[in-house]
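Here is the structure we will look at, set down as structure tokens.
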């Protein structure tokens with residue numbers, strides 16, 4: 001319930017942040033960001049607007065993080081694909097085109113709008129309110145300056161405003177909605193048959209000429225990339241902080257000055273049953289919801305022990321219903337006001353009458369109270385020590401960072417002098433390639449990876465510059481061992497090639513067999529021994545047993561010419577056959593479904609109109625791409 005209510009209360013703001021990265025906000029001034037880079041780093045131009053290399057590299061980094069979040073290790077190296085890099089650049093070109101159009105139309109985002117937008121983002125709030133220190137911390141973690149983020153947020157809001165002009169502007173004829181729903185809900189009777197690759201007879205072993213030909217044609221697949229090991233030094237503010245002594249008197253002084261901030265507010269434990277209703281619902285709906293809530297309250301007053309059972313039966317809160325309505329411990333400002341006011345006025349075990357909020361009627365039972373407390377010094381001592389060490393380490397780190405940067409540059413042939421001067425330890429990495437490696441501190445920063453394999457490091461054997469790989473963490477590295485890229489000899493990869501060729505032959509043989517069966521079925525000659533599945537009815541959005549590529553032809557088939565047959569090979573090499581034997585209309589949709597589909601079709605049409613509008617804008621612009629710079633980075 002807590003998460004659900006917070007999400008509902010924060011609305012779309014929380015989602016926007018995911019597209020802007022974790023963001024900061026400067027309450028002390030909203031300024032435009034101007035990139036003063038030289039002209040040599042222009043990746044593309046959109047009319048007179050320039051897309052520079054830092055912006056492109058940042059977009060690549062964001063795309064890489066999204067791919068890693070969704071694909072994991074499978075995302076490694078994807079952004080080295082020229083097509084992927086071009087897709088990222090094309091996305092930036094579209095953004096710049098939309099911004100240019102918005103500016104031409106005189107659209108603006110005021111400072112007040114921007115402040116309201118960013119100040120409402122939950123990621124920057126503490127105890128439900130915007131917190132400047134939290135904002136600054138998150139900004140540092142993302143490596144963004146205040147003006148950079150503010151411009152990103154302003155641009156995003158401007159693009160949203162431009163898109164909003166097309167939203168809900170499309171009228172969909174009722175006949176079109178009816179036709180779409182008829183096609184969408186239509187049911188088709190099918191049975192399926194799968195020819196499994198595992199049951200296919202083993203292929204004949206390939207001869208040497210085929211093996212050698214495959215090896216020559218696929219040498220890139222058998223080339224081990226260049227790899228290297230490095231020595232490296234780490235200068236970390238946290239490591240410096242841990243070595244700073246803190247006196248008892250300093251700890252006591254800090255505790256005395258900050259007791260108010262350390263106080264823990266009162267929290268309460270409660271459970272509830274929600275009968276959903278919104279301010280947009282009509283009076284009849286409200287009356288019915290209130291009547292049900294009152295009936296439940298009456299039952300609970302007579303049988304309080306049935307609260308969990310009634311919550312599971314009636315509650316419309318998806319987060320707590322299955323837990324018997326349990327919400328856990330929360331502060332007053334964690335809940336919407338009507339709910340919080342009720343809970344914080346109740347006695348333990350008391351059951352409230354229905355409480356109306358924007359989510360509906362709540363029947364609440366208070367199950368526990370934890371009074372506000374101020375922790376004693378012993379319980380917060382370690383936190384105070386860490387805070388004071390961090391404060392002291394800030395200035396020390398700034399001084400040491402300058403020494404570190406100068407030293408690794410001036411003593412560029414070796415890291416040992418820097419290690420001795422600053423009291424650091426030289427560490428050794430695992431094997432690294434241009435796309436990563438098993439030393440996270442080096443592998444997870446694009447700038448660091450580029451520096452490791454630069455000509456200055458690999459050929460000239462110099463230290464890398466001091467690079468901030470994480471907030472307040474500087475690293476410099478030096479080449480220790482290099483293994484050039486090498487082509488594995490045929491003898492080393494022969495067994496892999498044989499397995500690949502045999503697997504390909506088996507897939508090809510099974511595909512040919514499946515195609516022959518399909519051809520015979522379409523001629524009305526069913527081969528003996530086909531083990532079809534039992535008949536089942538499917539719709540366009542509920543056709544789990546139908547291979548994805550066959551859904552469209554299955555529902556496009558002429559219902560007057562049955563049976564119809566379809567077949568395809570999947571990515572694993574299995575061959576799937578689908579037999580269509582009957583068609584019947586779906587159930588008549590209710591009014592709510594018609595309304596929902598009308599809105600969905602309107603959104604789709606609005607998106608298409610906007611896409612066409614954007615295409616016309618792009619067509620009227622002069623767009624140039626620096627292919628050399630794009631490929632080099």
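The values are calculated or read from the model by the stated rules, or taken from the named source; none is laboratory data. The structure displayed is predicted, hence computed values, not measured ones. Don't worry about glycine lacking a Cβ; one is built from the backbone with ideal geometry, like all the others, and counts go over all protein chains shown.
Yes or no: segment 547-560 includes at least one residue that is in contact (Cβ under 8 Å) with a residue 60 or more places away in the chain and part of a helix (DSSP H, G or I).
Among the residues of segment 547-560, at least one is in contact (Cβ under 8 Å) with a residue 60 or more places away in the chain and part of a helix (DSSP H, G or I), which makes the answer yes.
Is it the case that segment 362-369 has a residue that's surrounded by 13 or more Cβ atoms within 10 Å (Cβ to Cβ), within 35 Å of the chain's Cα centre (by Cα) and in contact (Cβ under 8 Å) with a residue 12 or more places away in the chain?
The answer is yes; a qualifying residue exists.
For residue 214, state whether it is assigned to a helix (DSSP H, G or I), within 30 Å of residue 488 (Cα to Cα) and in contact with a helix residue (DSSP H, G or I) (Cβ under 8 Å, 6 or more places away or on another chain).
Yes.
What do you reckon, is residue 461 part of a loop (DSSP other than H, G, I, E, B) and either crowded, with 19+ Cβ neighbours inside 10 Å or at pLDDT 90 or above (or both)?
Yes.
Which of the following residues is under 29 Å from residue 626 (Cβ atoms), at pLDDT below 60 and either touching a helix residue (DSSP H, G or I) at 6+ places or on another chain (Cβ under 7 Å) or not assigned by TED's automatic domain parsing to the domain that holds residue 622 (or both): 76, 37?
Sole residue among the options that is under 29 Å from residue 626 (Cβ atoms), at pLDDT below 60 and either touching a helix residue (DSSP H, G or I) at 6+ places or on another chain (Cβ under 7 Å) or not assigned by TED's automatic domain parsing to the domain that holds residue 622 (or both): 37.
Are any residues in segment 164-198 modelled with pLDDT of 80 or more, over 30 Å from residue 505 (Cα atoms) and in contact with a helix residue (DSSP H, G or I) (Cβ under 9 Å, 6 or more places away or on another chain), and if so, which ones?
If the condition is that a residue be modelled with pLDDT of 80 or more, over 30 Å from residue 505 (Cα atoms) and in contact with a helix residue (DSSP H, G or I) (Cβ under 9 Å, 6 or more places away or on another chain), then 186, 188, 190 are the ones that fit.
Residue by residue, here is whether (1) under 30 Å from residue 484 (Cα atoms); (2) modelled with pLDDT of 90 or more; (3) surrounded by 17 or more Cβ atoms within 10 Å (Cβ to Cβ) holds:
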site	(1), (2), (3)
338	no, yes, no
352	no, yes, yes
359	no, no, yes
374	no, no, no
417	yes, yes, no
435	yes, no, no
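Anything in segment 396-420 that is without any contact (Cβ under 8 Å) to a residue 24 or more places away in the chain and under 37 Å from the mean Cα position of the chain (by Cα)? List them, or say none.
398, 402
Of the numbered conditions (1) free of Cβ contacts under 8 Å to residues at least 24 places away in the same chain; (2) under 23 Å from residue 198 (Cβ atoms), residue 572 fails exactly one; give the number of that condition.
Unmet condition: (1).
For segment 381-401, does any single residue satisfy the condition of being assigned to a loop (DSSP other than H, G, I, E, B), assigned by TED's automatic domain parsing to the domain that holds residue 467 and within 30 Å of residue 253 (Cβ to Cβ)?
No, segment 381-401 has no match at all.
Which condition number does residue 199 fail, the rest of (1) within 30 Å of residue 551 (Cβ to Cβ); (2) surrounded by 13 or more Cβ atoms within 10 Å (Cβ to Cβ) being met?
(2)
Which residues, taken from segment 231-259, are in a helix (DSSP H, G or I) and in contact (Cβ under 8 Å) with a residue 24 or more places away in the chain?
Result: 237, 238, 240, 241, 242, 250, 251, 252, 254, 255, 259.
Return the only residue of 565, 613, 575 being surrounded by 12 or more Cβ atoms within 10 Å (Cβ to Cβ) and under 30 Å from residue 53 (Cα atoms).
It is 613.
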